[in-house]
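Below you'll find the structure, written out as structure tokens, and then a few comments.
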Amino acid sequence: MDLPGPIRDILLVPLELGLILGGLEVVLLPNIIYSALSLGPVLVCISLLYILLNADFVAAAQILIYVGAVNVLIVFAVMLMNNQKYPNFVPLWTVGDGITLVVCTSLFCSLITIILNTSWSEISMTTKSNQILEQDLTNNVQRIGAHLSTDFFLPFELLSIILLVALVGAITIARREEIV
């Protein structure tokens, strides 16, 4: 959707307000269920921002993946975790904490290295003409698919493994019996 500048600016203000208010609800609501549910409108506002930026495919992916799947997963995880059957004593440091610390620290250091070594001045924004043909959209989707199956295959698979581990962990924690 290619809108004129003033109309885009008028639509941008309510979307930004929705993002800010929804983000505040996510952080400040005392009930964690309502907090998780208020994440949905925030993600919808982000997808509407993508539509204003003429990124229709990214907006559709945002709604399908984040609003449809991740938000539902978060709500179910919160509902499963909102259980008072856990013991009060929790060890301060475990082997899993050490492994998590090593993995997160290495990821953080690699991200900082990538950010510092990237020449940001060479990156330029490109704009398209007012008319986008369906063939161009199909070619863009095919290029995204080709990049996901070639250049970004490893990060894509790592992300799926991380999501699978998170799901198995949530199920394991939810099904844990009370320790006697």
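The values are calculated or read from the model by the stated rules, or taken from the named source; none is laboratory data. This structure is a prediction, so every number in the text was calculated from the model and none was measured. Quick note on the areas: whole protein, heavy atoms, side chains included, nothing else; ligands and nucleic acids left out. Shrake-Rupley method; radii C 1.70, N 1.55, O 1.52, S 1.80 Å.
In plain terms, the chain from residue 147 to residue 64 could stretch by 27.9 nm, reckoned as 0.36 nm per residue minus the Cα-Cα distance. Extension gain for residue 99 to residue 154 (0.36 nm times residue separation, less C-alpha to C-alpha distance): 17.7 nm.
Taking a 1.4 Å probe, which of 175, 143, 8 shows the most accessible area, and what order do the others take after it?
Ranking 175, 143, 8 by accessible area, largest first, yields 175, 143, 8.
Direction-averaged projected area, Cα convex hull, region 1-84: 5.5 nm², rounded to one decimal.
For residue 57 and residue 166, the difference between the fully extended length at 0.36 nm per residue and the C-alpha to C-alpha distance is 36.6 nm. The mean sequence separation of alpha-carbon pairs under 8 Å and at least six residues apart, normalised by the residue count of region 1-84, gives a relative contact order of 29 percent.
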